[in-house]
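In what follows, a structure is listed as structure tokens, so that the remarks can point back to it.
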Amino acid sequence: MALPLHFAIDFGNHSLKLVNLVQKGKSWELKNIGSIQTPPETLNSYKEEHKTLLVDALKSLVAESKVPYKEVAVALPESSVFSRVLTIPKVSDEEVTDAVYWQLKQYLPYPVEDVQSDFTSLVVEPSGQRKLLAVAAPKKLVELYIEILERAGLVPVAIESETLSILRSIKYAQEARNAVVLDFGSNSTDMAIMKDGELFFSQSIATGSDLLTKALVNEFQLSYAQAEEYKRIYGMRSDAVEGKIRNALKPVLDMVITEVMRGIEFYKTEVGAVPPTLAMLSGEAAMLPALPEYLEAILGYDVQLADPWRPIVVPNNIAEIVRKSSPAFTVAIGLCLKDE
């Protein structure tokens, strides 16, 4: 079913980002944009005081952004979402839903009755065997997001996983259909593999950019704010401050890379396909200086920063500002592009 006109909010541990795009013919134009700090410890919290703080922050963000309607699409953090490619033996179309249910019951880390789930057909083989992408999220978490949005005076029209939003954004902006996608967040790094424009593999790696900052705090006895600044300025550059910042960050990044390589091997075994040789980096932490070059050297892939603003018409007075942080808006833009 087609979605009504809506805007998007990306819930992050450090910031809430709002984007509203309007379609003009075949192109999209930016009409509203905003960002506000996420109140500490409020994301995914069921405590009443945290809910109130988050609702107040949302109200401020929406008011300051001057969005003309209340309908909104949001994404759930990938670490809270279960997604897996399921292989279903030959069954009738009417039996597919039951087959998915029983496989989910086998794989889910929580009771299948406690989740909201959906699935998409990926491949129907000549034998009649099917490959499906199943996605499930705890009902309690979905209800929490709906409660927060409604208390802020908003009307949720779509809730999906961050990874699906990111893939939609990358497909539209950069016309990529086969890629390993890495979304660098504050608490985790989410990995996805896209084949022929569809999600075939995803995992959440419990290492994020906050650990990079803490590595600098511990190595150089810096304040958190100083460490964050050094990380953003020097990153993985080997030619800056004798490579000392790079060397301190390297063990943390290497943990992420190890899990990415394991994920690629699992994909090769599970899907039986050659993995893509293009890697796309998303998320605010993807802008770490020299990160693409570092990953290219280890993975042997063509590594690019996601640029979701590329085909979108942006007002001249803010064009430079939004493009400087382009990978950070991949989720929000993908949510705006969602049409069903």
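The values are calculated or read from the model by the stated rules, or taken from the named source; none is laboratory data. Bear in mind that the values here come from a model prediction, so they are computed numbers and not experimental data. Quick reminder, even Gly has a Cβ in these numbers, built from the backbone with ideal geometry, and neighbours come from all protein chains shown.
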Completion exercise
Result of the Cβ filter at 7 Å on the stretch 141-166, keeping first residues that are free of Cβ contacts under 8 Å to residues at least 40 places away in the same chain and partners that are buried (at least 18 other Cβ atoms within 10 Å of the Cβ) and part of a strand (DSSP E or B), at least 6 apart or interchain, is ILE146/PRO156
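Within the stretch 112-129, which residues are assigned to a strand (DSSP E or B) and either touching a Cys at 6+ places or on another chain (Cβ under 7 Å) or within 17 Å of PRO89 (Cβ to Cβ) (or both)? Working first, answer last.
So the first thing to find is which residues in the stretch 112-129 are assigned to a strand (DSSP E or B), and the list is 115-124.
Answer for the stretch 112-129, where residues must be assigned to a strand (DSSP E or B) and either touching a Cys at 6+ places or on another chain (Cβ under 7 Å) or within 17 Å of PRO89 (Cβ to Cβ) (or both): PHE119, SER121, LEU122, VAL123, VAL124.
Can you tell me how many residues in the stretch 1-18 are over 15 Å from the mean Cα position of the chain (by Cα) and surrounded by 22 or more Cβ atoms within 10 Å (Cβ to Cβ)?
Applying the first criterion (over 15 Å from the mean Cα position of the chain (by Cα)) to the stretch 1-18 yields 1-7.
Checking the rest, the ones that are also surrounded by 22 or more Cβ atoms within 10 Å (Cβ to Cβ) come to 6-7.
Number satisfying all stated conditions: 2.
Residue by residue, here is whether (1) without any contact (Cβ under 8 Å) to a residue 60 or more places away in the chain; (2) of a type outside the set (Lys, Arg); (3) closer than 25 Å to ASN20 by Cβ holds:
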| residue | (1), (2), (3) |
| --- | --- |
| GLN226 | yes, yes, no |
| VAL256 | no, yes, no |
| VAL271 | no, yes, no |
| GLU284 | no, yes, yes |
| TYR294 | yes, yes, no |
| ASP302 | yes, yes, no |
| SER326 | yes, yes, yes |
| ASP339 | no, yes, yes |
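Which residue out of LYS105, LYS131 is over 23 Å from ASP183 (Cα atoms), of a type in the set (Lys, Arg) and in contact (Cβ under 8 Å) with a residue 40 or more places away in the chain? Reasoning before the result, please.
Numbers: LYS105 fails: in contact (Cβ under 8 Å) with a residue 40 or more places away in the chain.
Being over 23 Å from ASP183 (Cα atoms), of a type in the set (Lys, Arg) and in contact (Cβ under 8 Å) with a residue 40 or more places away in the chain holds for just one of LYS105, LYS131, which is LYS131.
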Fill in the blank from the handout: The condition of being out of contact with any Ser or Thr (no Cβ under 6 Å at 6 or more places or on another chain) and modelled with pLDDT under 95 holds, among LEU108, LEU21, LEU61, only for LEU108
Fill in the blank from the handout: Residue hits (the stretch 229-251; part of a helix (DSSP H, G or I), surrounded by fewer than 18 Cβ atoms within 10 Å (Cβ to Cβ) and not small (Gly, Ala, Ser)) are GLU229, ARG232, ILE233, VAL241, GLU242, LYS244, ASN247, LYS250, PRO251
Problem - Qualifying positions in the stretch 213-223 - closer than 19 Å to PRO40 by Cα and not polar (S, T, N, Q) - result: LYS214
Practice task
Could you please give the count of residues in the stretch 173-227 that are in a helix (DSSP H, G or I) and either of a type outside the set (S, T, N, Q) or within 18 Å of GLU270 (Cα to Cα) (or both)?
Solution key: 13
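For the stretch 110-125, what are the residues that are out of contact with any strand residue (DSSP E or B) (no Cβ under 7 Å at 6 or more places or on another chain) and more than 17 Å from ASP196 (Cβ to Cβ)? Can you show your working first?
Our first condition is that a residue be out of contact with any strand residue (DSSP E or B) (no Cβ under 7 Å at 6 or more places or on another chain); within the stretch 110-125, this holds for 111-113, 125.
Selection gives PRO111, VAL112, GLU113.
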Fill in the blank from the handout: Of the candidates LEU132, LEU104, LEU149, LEU141, the one satisfying the condition of being assigned to a strand (DSSP E or B) and not aromatic (Phe, Trp, Tyr) is LEU132
Practice task
Answer yes or no: is there a residue in the stretch 260-274 that is in contact with a helix residue (DSSP H, G or I) (Cβ under 6 Å, 6 or more places away or on another chain) and either hydrophobic (A, V, I, L, M, F, W, C) or modelled with pLDDT of 95 or more (or both).
Solution key: no
Exercise for the section: Answer yes if at least one residue in the stretch 67-76 is out of contact with any helix residue (DSSP H, G or I) (no Cβ under 9 Å at 6 or more places or on another chain) and in a strand (DSSP E or B), and no otherwise. Expected result: yes
